[in-house]
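The values are calculated or read from the model by the stated rules, or taken from the named source; none is laboratory data. Just so we're clear, the structure is a prediction, and the values are computed from it rather than from any experiment. Cβ: placed from backbone, ideal geometry, glycine included. Neighbour counts: every protein chain shown. We work out accessible area using only protein heavy atoms, side chains counted, and drop any ligands, DNA or RNA first. Shrake-Rupley method; radii C 1.70, N 1.55, O 1.52, S 1.80 Å.
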Amino acid sequence: MELFEMTAAGLSRLLQTEEISAVEVVESFLGRIEKVDPYVKAFITVSAEQALQTAAAVDRQRAGGEKLHPLAGVPVAVKDNICTKGVRTTCASRALENFIPPYEATVIAALHRLGLPVLGKTNLDEFAAGASTETSAFFITRNPWDRERVPGGSSGGSAVAVSTGMAPLALGSDTGGSIRQPAAFCGLTGLRPTYGRVSRYGMVPLASSLDQVGPLAMDATDCALLQGAIAGYDLLDSTSLPDEVPDYGAQLEKPVSGLRLGIIAEQQGEGFDPEINSAVTRAVRVLKENGVIVDEISLPHQRYALSAYRSLVSAEFSSSLGRFDGVRYGLSQPGENINRMFSQSRGLSFGPAVKGRILLGTYILSAAQYEKYYLPAGRARTLIARDYSEAFQRFDLLVGAVTATPAFKIGAKRGDPHQMALADLCLVGNALAGVPSISVPFGAAGGLPVGVQFTAPPLREDILLRVAYFLEQHRESGTIRPRLSFLEEGGGE
Amino acid sequence: MVYEAVIGLEIHVELLTRSKMFCGCSTAFGDKPNTNTCPVCLGFPGTLPVLNRQAVALAVKAALALQGKVQEKSIFARKNYFYPDLPKAYQISQHDRPLSRGGFLEINFPEGRRRVHLERIHLEEEAGKLIHAGDSILEADYSFVDYNRAGIPLMEIVTLPDLHSGEEARLFLEELRLLLLYVGVSDCKMEEGSLRCDANISLRPAGSSELGVKTEVKNMNSFRAVEQALESEARRQEEILSAGGRVIPATCHWEGEERRTVPVREKGASADYRYFTEPDLPPLMLEASLVEQLRATLPELPAQRRERLQEEYGLEASEALMISSTPPLANFFEEAAKHYRDYRHLFHWIQGDLVYQLRETGTSLETVSPELLIELLELLDKGEINRPVAKELLTAVLKKGASPKKLVASKNLGRISGRETLEPLVAQVLDENPEAIESFLQGRKKALAFLVGKVMALTRGRADPQEVSQLLRDKIK
Ligand SMILES: [Zn+2]
């Protein structure tokens, strides 16, 4: 078995017993990136030098007998909307094509502190405003299960990197499904933590009130390891939570029996791919057989979730992107006066999807429309959050689909924001409520991976990871890696 | 028709914190451009604001001193607009949930005491500073921007339209400034921009309770300018109304050199700031217990001090008003009064000769110890020096910081007195001025003063004029 085929936990064991060195691990993944990435285009920037430096430092520390974090030496791919000091951070936008942050995101600082080398920065929809990684200003990322299909998004690059063994772990960001949906489309475990559990400092916002950084990994164990490494209170993020971080890994093997599981009526059934419905049903059945108490639950305000989400995200997005004005950093285009400079710089900075959202958000926040769109969206959010908190009086966790369909064809939904939004149906309600959710690979549809989604009360990521771990033990098919037949065929860019 | 002006003020005050509102950068004034900056206050992507608790504490203290109702929950909002001095393209401010509502400040207007009511007090952040290579940002070939100021904590105080003249506005601002200085929330330096004032003004027929069409007056960089600008804008509006015209809502610039207000932008086209809740900051919760803790730290306020100065030291109301408006001087007075019982004498020396000599010698009050002044006054009281010498001595004390007693000894400034010493001098003056004696004997009082002056000149001011006068009278008779 090659090193790049191993899970993070597997690598961690070999590193700790010094059977392998961190430099060997990083070299193995860098080699894999060189070989595979031309076919799938997951990375915008590969930071080989920095990754090798971190790895060498870890090896020195280990040789010196220092006590290291279990993940020390295990490399990570990072979504390119998370700022890395000294390493280009583009947000897949022309606006930041040559932007090298002079500061570090808190999660990246944590990776450095614990000794996790950063392999590079992965592709995304421009400013994370999308669900297919097709709106990157640079290139499309392809789904390794079928290169004619999207990998999902906006954390598509991170998902593909892990799925193809170019990285054992990856960081994504989830505003309304951007971790969970690509995880489902690529056959990974993807966790959206509780809002505030992971610091947002240094993550370029899509919508500050919803954004969360989280892990994508091959399995629950790896997911738990990375989540444990990045979670925690951060003085620099006033919305981060002060609660102590549990040892997620230690709780994976706790029995699931006795857990009360609610099947969300609105998040499976009619309108969903039958094979996805079947996956949900089979997952519920195996849980039930093992002592989980199952019942149905309706979240009545789910029907407002998509429009509320769109209004709030567009509004915050339009405001947060005002700073790309060409004055201090990023793309700057001179003009005969300041207003021309602003409009030309911004005009060249953003692609059509981003411009569309900015226009929508600006309109929603205008004095004349504020009460019609923004305020009701906020009220809907309150009602949706109440639905969840009431549901959690009865249940320890909720289950439904992640997406209505498996990965769709590239271009199939382009220019159809409504279709695109339908794909987010199960992903935005829990995000609006701020509760944690996980996408667990389970079953397949037409040869493509699909996921089952679990949602838990705030700060109960441990329950989600425990159930994900349990389902792994009861997974029907063997491998969850795609067969990269294209490698033999050639034709990479 | 007689018109009445209705004026409301918006006052921006920079808070006296060491670091900025949402990051750790220094708030020092006058540093090299763009040195007090960081990714947060430069609006770099992904950075987040962290609220400066000291700024909150200062604003709460100001609100309490102004009798405002500090809100248990207030909310930060984004005010969105594009301008190169605004790094994030939004200003973090407070919109519909301000820090404090209501409140008032009582002012001694010429017509009597009256409360000027406040609408609200809220927190926000400063923008940077632009310097254009041209008349305006649209005409300049290029502009410089300095972000040292960007993110400095600001408190905005909004009054109700409770003022009726430029003079009233000035008096209100002077009292407000004093109050803020007392509470220690700002240094209130208009010339450095740490206190700024915009005004809304409309006219209505005297006695009417309806409000007329208002204009906003900006670009006033002193209290004097506020007074003049508002008087001028009231005249401009009155001319329009008297001619049967209508005032158009507009922003007017005060052009100090031309001494007039000029409408620059029609308000109808004013920007839509697209306010919404700042998602990067949780609501600001201020528990009653914290507010009470802060209230307990409030110092004595100007009005309270004036009352006390009258009661404790027997000062007149006008004297108390005068000395309390320069807090360091009032502190000096009270410090000295601990060891010197003739308060009124002390007050007159401080407010009169000391203030005058400080200005003349360019000395700062901080370098003067109250003990030195007391020592000087005691020499005077004991008759060891006379008043003219005392004044001369004060100058020397301020310049050299030396003890009055030592100065008297070393410069031989002690009073010359006693018959034996003075009689020869008196005799000399009488010998030289027979006409003056004649004149005095004919009843001209001035003649005596002339002779006293001559003797004083011979003693270089060290004799007691009273004693000299008595001696002269005795001799002439
Ligand atoms: Zn700063």
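Give the residues of the stretch B:368-386 whose amide nitrogen is closer than 20 Å to a point set 7 Å from the Cα of B:K338 in the direction of its Cβ.
B:368-378
So if I take the centroid of the Cα atoms in the stretch B:162-229 and the same for the stretch B:102-125, what is the distance between those two points in Å?
Between the Cα centres of the stretch B:162-229 and the stretch B:102-125 lies a distance of 11 Å.
What FRET efficiency do you get for A:E476 and B:V158 if R0 is 51 Å and r is their Cβ-Cβ distance, rounded to the nearest 0.05?
Details: r = 67 Å, r/R0 = 1.31.
Calculated value: 0.15.
If R0 is 30 Å, what FRET efficiency do you get for B:E420 and B:R387 from their C-beta distance, rounded to 0.05? Mind dumping the intermediate values first?
Details: r = 24 Å, r/R0 = 0.78.
Efficiency at R0 = 30 Å is approximately 0.80.
Nearest 10 degrees, 0 to 90: what angle lies between the long axis of helix B:302-313 and the longest principal axis of chain B (Cα atoms)?
Helix B:302-313 sits at roughly 20 degrees to that axis.
Would you mind calculating the relative contact order of chain B from Cα pairs under 8 angstrom and at least 6 residues apart, reporting the percent as a whole number? Walk me through the intermediate numbers first.
Details: 827 pairs, mean separation 66.1, N = 477.
RCO, chain B: 14 percent.
Taking the Cα centre of the protein assembly as shown as the origin and placing charges on Cβ (Lys, Arg +1; Asp, Glu -1), which of A:P144, A:F127, B:I75 is farthest toward the positive end of the dipole?
The listed residue farthest towards the positive side: B:I75.
Could you tell me how many degrees, from 0 to 90 and to the nearest 10, lie between the Cα long axis of helix B:370-381 and the main elongation axis, the longest principal axis, of the Cα atoms of chain B?
Once rounded, one gets 30 degrees.
Sort B:438-451, B:130-143, B:347-360 by the packing proxy (mean of other Cβ within 10 Å over each peptide's residues), most packed first.
Details: B:438-451: 14.2, B:130-143: 12.1, B:347-360: 16.7.
Highest mean packing first, the order is B:347-360, B:438-451, B:130-143.
In peptide B:274-286, what is the residue-averaged number of other protein chain Cβ atoms found within 10 Å of each Cβ?
Working: counts 14, 5, 12, 5, 5, 12, 10, 3, 3, 0, 0, 0, 0.
Averaged over the peptide's residues, the number is 5.
So which GluC sites (Glu not before Pro) in the stretch A:32-88 end up in coil per DSSP with only 16 or fewer other C-beta atoms within 10 Å?
Details: sites: A:E34, A:E49, A:E66; in loops: A:E66.
Listed in order of number, the matching sites are A:E66.
Find how much the distance from A:R285 to A:Y363 grows on full extension, using 0.36 nm per residue of separation minus their present alpha carbon separation; answer in nm with one decimal. Can you show the working numbers first?
Details: separation 78, 0.36 × 78 = 28.08 nm, distance 4.68 nm.
Roughly 23.4 nm would be gained on extension.
What does the highest-first list of B:30-37, B:454-461 look like by mean Cβ count within 10 Å? Don't skip to the end; give the middle numbers.
Working: B:30-37: 14.2, B:454-461: 17.6.
Highest to lowest by the protection proxy: B:454-461, B:30-37.
Once the Cα atoms of helix B:53-65 and of chain B are each reduced to a long axis, what angle between those two axes, in degrees from 0 to 90 to the nearest 10, is obtained?
Approximately 60 degrees, to the nearest ten.
Please report how far the C-alpha centroid of the stretch B:400-477 lies from that of the stretch A:290-314, rounded to the nearest whole angstrom.
103 Å
Using the Cα atoms of the protein assembly as shown to build a convex hull, what is its mean projected area in square nanometres?
Values: hull surface 218.8 nm².
Its average projected convex-hull area is 54.7 nm².
Residues in the stretch A:204-246, backbone N under 19 Å from the label point at A:S389 (7 Å along the Cα-to-beta-carbon vector): list them, ranges by number please.
Residues A:209-210, A:239-243 qualify, since their backbone N sits under 19 Å from the label point.
Can you give the charge dipole size of the stretch B:3-293 about its Cα centre, rounded to the nearest 20 debye, using +1 on the beta carbon of Lys and Arg and -1 on the beta carbon of Asp and Glu?
Details: 34 positive and 43 negative charges, 128 e Å.
For the stretch B:3-293, the charge dipole is close to 620 debye.
Quick one: if you stick a label point 7 Å off each Cα along the C-beta vector at B:L211 and B:K477, how many nm between them?
7.7 nm
Longer than 21 Å from Cα to Cα, which of B:K20/B:K88; B:K69/B:K218; A:K79/B:K79; B:K61/B:K189 are they? Say none if no pair is.
On the way: B:K20/B:K88 15 Å; B:K69/B:K218 28 Å; A:K79/B:K79 30 Å; B:K61/B:K189 19 Å.
Over 21 Å apart, Cα to Cα: B:K69/B:K218; A:K79/B:K79.
In Å², nearest 100, what accessible area do chains B and A bury in total when the solvent probe is 1.4 Å?
Values: alone 24420 and 18610 Å², together 40150 Å².
Chains B and A together bury roughly 2900 Å² of accessible area.
Residue by residue, what Karplus-based ³J(HN,Hα) values in Hz, rounded to whole numbers, does the stretch A:80-85 have, using 6.51, -1.76 and 1.60 with θ = phi - 60° and x for Gly and Pro?
Taking θ as phi minus 60°, the curve returns 7, 10, 10, 5, 10, 4 Hz for the stretch A:80-85.
Within the stretch A:1-55, what whole-number % of the accessible surface is contributed by carbon and sulfur, with the 1.4 Å probe and all protein chains included in the calculation?
Values: 1180 of 2550 Å².
Carbon and sulfur atoms account for 46 percent of the accessible area of the stretch A:1-55.
How much of the calculated P(r) for chain B lies past 44 Å, in percent of all Cα pairs?
Working: 39029 of 113526 pairs.
Cα-Cα pairs in chain B separated by more than 44 Å: 34 percent.
Within 10 Å of each Cβ in peptide B:46-57, how many partner chain Cβ atoms are there on average? Round it to a whole number, please. It would help to have the intermediate numbers written out before the result.
Details: counts 18, 9, 14, 3, 6, 1, 0, 0, 0, 0, 0, 0.
Counting Cβ atoms of other protein chains within 10 Å of each residue's Cβ and averaging gives 4.
Measure off 7 Å from each Cα along the Cα-to-Cβ vector at A:D243 and A:N337, then give the distance between these two points in nanometres to one decimal.
5.4 nm
In the stretch B:239-306, which trypsin sites (Lys or Arg not before Pro) are in a loop and have at most 14 other Cβ atoms within 10 Å, using DSSP for the loop call?
Numbers: sites: B:R246, B:R259, B:R260, B:R265, B:K267, B:R274, B:R295, B:R305, B:R306; in loops: B:R246, B:R259, B:R274.
Sparse-neighbourhood loop trypsin sites (Lys or Arg not before Pro): B:R246, B:R259.
Whenever you get a sec, compute what percent of the accessible area on chain B sits on carbon and sulfur atoms (1.4 Å probe). Mind showing how you got there, number by number?
Values: 11390 of 22940 Å².
That fraction is 50 percent.
What is the average number of partner chain Cβ atoms found within 10 Å of a Cβ in A:372-382?
Per residue, the number of nearby Cβ atoms from other chains is 1 on average.
What distance in nm separates the simple spin-label points at B:A133 and A:L375, each placed 7 Å from Cα in the Cβ direction?
4.8 nm
Going through the stretch B:169-239, which trypsin sites (Lys or Arg not before Pro) have at most 14 other Cβ atoms within 10 Å and a DSSP loop state? Spell out each step's value before the answer.
Working: sites: B:R170, B:R177, B:K189, B:R196, B:K214, B:K218, B:R224, B:R235, B:R236; in loops: B:K189, B:K214.
The qualifying sites are B:K189.
Please compute the per residue accessible area over the protein assembly as shown with all protein chains in place, 1.4 Å probe, rounded to a whole number of Å².
Values: 40150 Å² over 970 residues.
Counting only protein heavy atoms, the per-residue value for the protein assembly as shown is 41 Å².
Suppose R0 equals 41 Å; then what is the FRET efficiency for B:D31 and B:E4 from their Cβ-Cβ distance, rounded to the nearest 0.05?
Details: r = 46 Å, r/R0 = 1.13.
Here the calculated transfer efficiency is 0.35.
Show me A:464-474, B:371-381 ranked by packing, highest mean number of other Cβ atoms within 10 Å first.
On the way: A:464-474: 22.0, B:371-381: 19.3.
In decreasing order of mean packing, A:464-474, B:371-381 become A:464-474, B:371-381.
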